[in-house]
Each structure stands twice: as C-alpha cells, then as structure tokens.
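The values are calculated or read from the model by the stated rules, or taken from the named source; none is laboratory data. The model shown is predicted, which means the values in this text are computed figures rather than measured ones. Cβ coordinates were reconstructed from backbone atoms using ideal geometry, including for glycine residues, and neighbour counts include every protein chain displayed. Areas reflect the complete protein model, heavy atoms only, side chains present, ligands, DNA and RNA absent. Shrake-Rupley method; radii C 1.70, N 1.55, O 1.52, S 1.80 Å.
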Amino acid sequence: GRLEAVTQQMGYHPQYLESFLKTQHYLLHMDGPLPFDCRHYIAIMAAARHQCRYLVNLHVLQFLRAGGDPQWLRGLDFIPPKLRNLNEINKILAHRPWLITKDHIEKLLKISEWSWSLAELVHAVVLLAHCHALASFVFGCGCEQDEGPGGRGSLKSLSPGNQCFCEATAANSCSQELLRINRKRSLDSCMELDSLRERMQRIHVETEGREETRLLQQEREEGEGQGAEVGVQDGTEHRSDPSMGLSPLADADGEVTGATNLACYMQDPDFGYQDFARRDEDQTQVFRVQDYSWEDHGFSLVNRLYSDIGHLLDEKFRMVDGLQSSAMAKRQGCEPSVFKRGIWNYIHCMFGIRYDDYDYAEVNQLLERMLKVYIKTVTCYPEKTNSEMFDRFWKQFKHSEKVHVNLLILEARMQAELLYALQAITQYMI
C-alpha cells in the first residue's frame, strides 16, 4: 500500500514530501470522524473519477487491510446508502467544483437514517480533494505510466531510485516520528500479509462462483429475448454490472491483480470538466478570494470541525509556496515568487477563482503555450495526460523543476476544491 512511485517523484523536494506524508498519514490512519475502511473507500471513489488505477489499487489493498467488506469492491450498488450519497459531491468536486452549493451540503446532513455529521463531511471533503489532486500528480509525473497489474507504477530509472525517500536524500529533514510511522507500517504489512492473502483467495473463489451464476442467468435472459441490463444511458443513474468491478484477486505469489473496470465506482461517467464560463453574474458567480479565502475563512472552519487537519494543510500549502524555483524563474526572466504566483493563479482561474489584486495579463507573458496546455490537462482532465506531454514541455528544464510544477498543480487544485466546498458548508451553517 505504499506510494513508491509518488515518493520517488516528490523525493526531489524532500521537505515538501515530509509535509505531504504527514498530512496523508493523518487523513488515512490517525484518529478522525470517519471509520478507516470508509476513508479508503472514499479514496477509491475519488481516484476512480479520473480513472487513476494506481491510486485505486493502492487503496483497495489498504481498504482490505483495514477490515473493509470485500463486497463493497463490486461497486457503488454494494455499499451503504450513506457512503453512496457522497457520489454527487465527489463528481462535482472532481470536475466542476463551482457547482457545489449549500443544498448539496444540506442534502447530506439532513436528519435521516443515512445522514452525515458536519465533522464526517469535512473529513470526507478533505479526502476527496486530496485524492483528486493526487491523481493529477500521479498522471502528471507519469506514475500511472506502464502500470503493472499490481497497481505499482513502474517508472523509468530516476533518482532517487528505489530507496526509501528518507535514505535517498542526503540532507533529509524527516522527523523521527515519520521514520517510526514508516517502520511500523512495514511491520504491520509483514504481520498481515498471510491473512490478506487468505482473504484475497476467498474473494477469488467467491467472484468466480458469482460470475458463473451471472453468465448462466444472462444466457437464460438472452434466450427469452431479454438483454441483460448493464446500465442506463442519457445521463440517468448508472447501474453497475456486479461483474464489472475491481476484483482484487491474488495470484500464486499472493500479489494483487489490478482493476479491470473502474466504472462500478462511478455514476454519470460522462460528467467531466467544462471551461468555467464568464457569463452573466446570475448564471456563474466568479469566486472572489477577497470574499472567502483559505487564510481568513477555510483554515479556521476545517480546523474546528476536524481537529489539526487545518494546520497540516496550511503547512503543505506554505511548503509548496516556499520551494526554491530560482532556475525556473530565471529562465522565464522573472522573480521566483512572480513565476509561482502566475502558475497558481492560472490554475485557480480555470476553476473560476479570481484575485482582485492580480493582473491576469501576466499569465500569458509568464507561461508559454505548451506549459499552459500541460498545466490545464493535468489539472482538469489528468487521465488524458500521456508520457510524451511530460517529456515535451520545457525541454530545457530539469526533471525536478517539472516535478515542482506538478506540486504546484496538486496544491492549487486541492485548495480550489476546498474553497468551494468549505464556502458551501459555511453558507449552510449560516
């Protein structure tokens, strides 16, 4: 369940990597409002929106390790309604976060058997935004490329290689606590491997039996002139075929095979990013940071409802802003802070977020066309990114500088989703 390929890439910026891993560990493994199996399932739902098999497979494994019900891995039709109700906000946040309203929040929080608490919803929203943004990084840096059946992206030979990220950085600043966490994870993995293999084999046997039953039923229905119903088109709710899901089976060595189809984790799969249209104010409201910002509003709200996560997120945002980029800026003929702000504001602009004190004419001056195309693709529809795109943009730049751009994309996108979701929660509370 480790993020080997991701940590290899982030290892070019070890201080950021430590901050990222602390945040992810807190979200997934520390005390919080959501049960541990639900956290990993939410991560699966989020990664599936961008067809990110790398992350889906990692969280399938961790979902089972956390004691999750293997039946849930057959798709949204097999999970509790409370969790399934999160699908709408997952879909909107992933592709058009400006459509989130307080009505979506109210629908999830209303008094019923399947209602969410505010704390649970905030935890879920942060997880969704985290995984959507991480999917952008995974595709943007090629971690999804040449993915093996076990869900572990196999990269080209890149420094820092196959070492632990702590060992790969000569001047690493990893805390002893982080090292202790990693050692404990490795120990846990060894202790649970045998039982995990047994569960995998059991799922394999059960799935084979269900598939045989399904095929017999389908043959009967076809014989009667009735096609087996797999889905409903034209934008209505997508009903997943039980056999189409991700079946994490174990091979002879106990390794996990990959996802065959991610459609079972999605409804309305055709819903995707659309350019934020600057229409009349009554149709599409521009999100003005002067009215609702992370520093003045989002941070305090998320920290109040999900203790300490605000501090970890804030540290991560500040860390990426503080990364050295003098070489990148020099090549573009500007100051590092100016260059990074241009990238950050361009990403936010694509999601309808505007800064009144920024001259957006600077974006076209600072960012060449190929860089803008790359940023937009990785940000808005990362699943369309291919390996050539990473190699093609900024040929004169170092690999670490390209990774830096992807870290800016990750954090800017995550903050954009959080701003819209937290603003909607604030409006609901008011």
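Scanning the stretch 1-48 for residues that are among the aromatic types (Phe, Trp, Tyr), open to solvent by 10 Å² or more (accessible area, probe 1.4 Å) and in a helix (DSSP H, G or I) turns up Tyr26, Phe36.
Entry remark, the stretch 327-349: residues being modelled with pLDDT under 80, open to solvent by 10 Å² or more (accessible area, probe 1.4 Å) and of a type in the set (Gly, Ala, Ser) number 2 in total. Of the candidates Gln62, Gln51, the single residue that is more than 26 Å from Ala424 (Cα to Cα), part of a loop (DSSP other than H, G, I, E, B), in contact (Cβ under 8 Å) with a residue 40 or more places away in the chain and not hydroxyl-bearing (Ser, Thr, Tyr) is Gln51. For the stretch 24-45, the count of residues that are of a type in the set (S, T, N, Q) and either in contact with a Cys (Cβ under 8 Å, 6 or more places away or on another chain) or more than 19 Å from Tyr265 (Cα to Cα) (or both) is at least one. Given the condition open to solvent by less than 10 Å² (accessible area, probe 1.4 Å), acidic (Asp, Glu) and in contact (Cβ under 8 Å) with a residue 60 or more places away in the chain, answer yes or no: does some residue in the stretch 409-416 qualify? Scanning the stretch 409-416, I find at least one residue that is open to solvent by less than 10 Å² (accessible area, probe 1.4 Å), acidic (Asp, Glu) and in contact (Cβ under 8 Å) with a residue 60 or more places away in the chain, so the answer is yes.
Asp391 meets the conditions (1) more than 18 Å from the chain's Cα centre (by Cα); (2) touching a residue at least 12 places away in the same chain (Cβ under 8 Å); (3) over 16 Å from Val138 (Cβ atoms) in every case but one. The failed one is (2). Checked against (1) more than 14 Å from Ala124 (Cβ to Cβ); (2) out of contact with any Lys or Arg (no Cβ under 8 Å at 6 or more places or on another chain); (3) open to solvent by 10 Å² or more (accessible area, probe 1.4 Å), Pro80 meets all criteria but (1).
Pairs are defined by a Cβ separation below 7 Å, a sequence spacing of at least 6 or placement on different chains, a first member in the stretch 281-307 that is within 19 Å of His130 (Cβ to Cβ) and surrounded by 13 or more Cβ atoms within 10 Å (Cβ to Cβ), and a second member that is acidic (Asp, Glu) and modelled with pLDDT of 90 or more; the pairs so defined are Phe299/Asp314. If you filter the stretch 370-390 down to residues that are part of a helix (DSSP H, G or I) and within 14 Å of His50 (Cα to Cα), you find that the one that is most open to solvent (accessible area, probe 1.4 Å) is Lys384. For the stretch 391-404, the count of residues that are open to solvent by 20 Å² or more (accessible area, probe 1.4 Å) and in contact with a Leu (Cβ under 9 Å, 6 or more places away or on another chain) is nonzero. Regarding Leu118, is this residue surrounded by 18 or more Cβ atoms within 10 Å (Cβ to Cβ), farther than 17 Å from Gln427 by Cβ and not basic (Lys, Arg)? No; evaluated as a whole, the condition is false for this residue.
Scoring Asn57 on the criteria (1) out of contact with any strand residue (DSSP E or B) (no Cβ under 8 Å at 6 or more places or on another chain); (2) surrounded by 21 or more Cβ atoms within 10 Å (Cβ to Cβ) leaves a single failure, condition (1).
Report yes if Tyr358 is within 24 Å of Arg318 (Cβ to Cβ) and open to solvent by 10 Å² or more (accessible area, probe 1.4 Å), otherwise no. The answer is yes for Tyr358.
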